[in-house]
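Worksheet for the structure shown next.
The values are calculated or read from the model by the stated rules, or taken from the named source; none is laboratory data. Just so it is clear, the structure is predicted and the values come from calculations on it, not from any experiment. Glycine also receives a Cβ, built like all others from the backbone with ideal geometry; neighbour counts cover every protein chain displayed.
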Amino acid sequence: MSVHVIADTRDRLSTLSAMLERQPAFTSELLAGASLRHNDIDAVVVAADLGKVENISALKAVSANLKRVAKRIFLIDRKGRLSVVQAYALGATHVLGNPVSQAQLLAKLADGDAVATSQDEIVSVGQEAASAGAASIASMFSAVLSGAPVDVRAAKNAGSKIAESIGENGLSNWLTTVRRHHEGTYQHCLLVTGIAIDFGLSLGMAKADVERLYSAAMFHDIGKARIPLVVLDKPGRLDPGERALIETHPAAGHEALKENPGISPEILDAVRHHHEFLDGSGYPDALCAGSIKDIVRMLTISDIFAALIEHRTYKPTMPREKAYEILLGMHGKLERSLVEAFREVALSR
Ligand SMILES: [Fe+2]
Ligand SMILES: [Fe+2]
């Protein structure tokens, strides 16, 4: 078997080379400037700190060549959920924690199956993440109703499980699982979180930014806890009074979270402003383009898309293509370049 090693430091390169030099066809290169241009590589071993933006960019630059290799083993420093997600998003077929032993690495290289996940495992991983997410959103809503502090850590943990599920199994599986098992506002929050994560991963955002994005998504509609269900779940059109009531939810969410020490100003801003539009026609503060941050712009796009493709008992589910057309038609309200970048998430991921 021909094995190629890519590492972000000379130390790592030499450690791995020492482990693998007995492989019949062994080559290696540093990640900075890597080309992966050789043909006939059976397996590639990537050892890099995925917390570094430059490493992610370098891996994205070789992703087309990387994906031509059948077996792609990523060694990651901490086997935290998000590192695992990122490794899979960057093209890994297997992930091992570093430092890895020679025996572990050789066993993984000898292992016949390229991708071990069966359809059953995909469904149960997705369902577990969706249940954790729904439980966390439910407890946030009841905390807001009773005036108790929101458990920020539980929400972030649930967000990271969702990120793991999407990194491993893709957005489409997530959408199917959530729409099949959850309803109403919980379904919506889970969909927005999953879509926002996939949007962030598709843009190659750094781990910390993806975390901010999914935290903002988990909390974004928390203010709806204060809105009666008859209004929230009303089929069909809302009257002006009901619409005005619904439009209080971003400020109510901001109010519920602002004293919470676990919530950063950035997440608070996203909760308050996820219904603002670039042309100033949104609410609650009628902000214009310059005052709306990138993370909020991404959240708004994910939110609208999720609302369009939700499964509701009283209306047919809108196909993703149709929902994306509606986003494209929202001239001046959403950032055009982000909507263009969202195409891949909306239609093919
Ligand atoms: Fe909202
Ligand atoms: Fe929403």
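Scanning segment 225-249 for residues that are in contact (Cβ under 8 Å) with a residue 60 or more places away in the chain and either within 12 Å of ligand 2 (Cβ to nearest atom) or not charged (D, E, K, R) (or both) yields Ala225, Pro235, Gly236. Within segment 249-274, being closer than 14 Å to Arg297 by Cβ, surrounded by fewer than 22 Cβ atoms within 10 Å (Cβ to Cβ) and within 12 Å of ligand 1 (Cβ to nearest atom) holds for no residue. Please go through segment 278-304 and pick out each residue that is within 13 Å of ligand 1 (Cβ to nearest atom) and in a loop (DSSP other than H, G, I, E, B). Correct list: Gly282, Tyr283, Pro284.
Among the residues of segment 306-315, those that are in a helix (DSSP H, G or I) and within 13 Å of ligand 1 (Cβ to nearest atom) comprise Ala306, Ala307.
Matching residues to (1) assigned to a helix (DSSP H, G or I); (2) polar (S, T, N, Q); (3) at pLDDT 90 or above; (4) away from ligand 2 (no atom under 14 Å from the Cβ):
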{"site": "Lys156", "(1), (2), (3), (4)": "yes, no, yes, yes"}
{"site": "Gly167", "(1), (2), (3), (4)": "yes, no, no, yes"}
{"site": "Thr176", "(1), (2), (3), (4)": "yes, yes, no, yes"}
{"site": "Val192", "(1), (2), (3), (4)": "yes, no, yes, no"}
{"site": "Ile197", "(1), (2), (3), (4)": "yes, no, yes, yes"}
{"site": "Met205", "(1), (2), (3), (4)": "no, no, yes, yes"}
{"site": "Ser215", "(1), (2), (3), (4)": "yes, yes, yes, yes"}
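Would you call Ile73 touching a helix residue (DSSP H, G or I) at 6+ places or on another chain (Cβ under 8 Å) and either of a type in the set (A, V, I, L, M) or outside any helix (DSSP H, G or I) (or both)? Yes: the conditions hold for Ile73.
Give the residue, chosen from Val44, Val53, Val5, that is aliphatic (A, V, I, L, M) and surrounded by fewer than 21 Cβ atoms within 10 Å (Cβ to Cβ). Of the residues listed, the single one that is aliphatic (A, V, I, L, M) and surrounded by fewer than 21 Cβ atoms within 10 Å (Cβ to Cβ) is Val53. Picking from residues in segment 327-349 that are outside any loop (DSSP other than H, G, I, E, B) and either surrounded by fewer than 13 Cβ atoms within 10 Å (Cβ to Cβ) or of a type in the set (Lys, Arg) (or both), the one that is farthest from the chain's Cα centre (by Cα) is Arg336. Please go through segment 217-229 and give me each residue that is within 13 Å of ligand 1 (Cβ to nearest atom) and assigned to a helix (DSSP H, G or I), ordered by number. Once the filter is applied, which keeps residues that are within 13 Å of ligand 1 (Cβ to nearest atom) and assigned to a helix (DSSP H, G or I), segment 217-229 yields Ala217, Met218, Phe219, Ile222, Gly223, Lys224, Ala225, Arg226.
Beta carbons closer than 7 Å, at least 6 apart along the sequence or on distinct chains, pair a first residue in segment 261-274 that is touching a residue at least 12 places away in the same chain (Cβ under 8 Å) and assigned to a loop (DSSP other than H, G, I, E, B) with a second that is among the hydrophobic types (A, V, I, L, M, F, W, C) and within 12 Å of ligand 2 (Cβ to nearest atom) for His274/Leu299.
Of the listed requirements (1) loosely packed, with under 14 Cβ neighbours inside 10 Å; (2) closer than 18 Å to Glu164 by Cβ, Ser14 misses just one: (2).
For Ala252, only one of the following conditions fails: (1) of a type in the set (A, V, I, L, M, F, W, C); (2) within 16 Å of ligand 2 (Cβ to nearest atom); (3) in contact with a His (Cβ under 7 Å, 6 or more places away or on another chain). What is its number? Only one criterion is unmet by Ala252, namely (3).
Figure legend. Inter-residue proximity from segment 24-46: first residues aromatic (Phe, Trp, Tyr), second residues assigned to a strand (DSSP E or B) and surrounded by 16 or more Cβ atoms within 10 Å (Cβ to Cβ), beta-carbon distance below 9 Å, spacing 6+ or different chains. Indicated pairs: Phe26/Ser2; Phe26/Val3; Phe26/His4; Phe26/Val5.
Take Leu13 and tell me if it is within 26 Å of Leu201 (Cα to Cα) and at pLDDT 90 or above. Here the answer is no, as Leu13 does not meet what is asked.
Residues in segment 230-248 that are away from ligand 1 (no atom under 14 Å from the Cβ), in a helix (DSSP H, G or I) and touching a helix residue (DSSP H, G or I) at 6+ places or on another chain (Cβ under 8 Å): Glu242 only.
Here Gly51 fits the description: in contact (Cβ under 8 Å) with a residue 60 or more places away in the chain and part of a loop (DSSP other than H, G, I, E, B).
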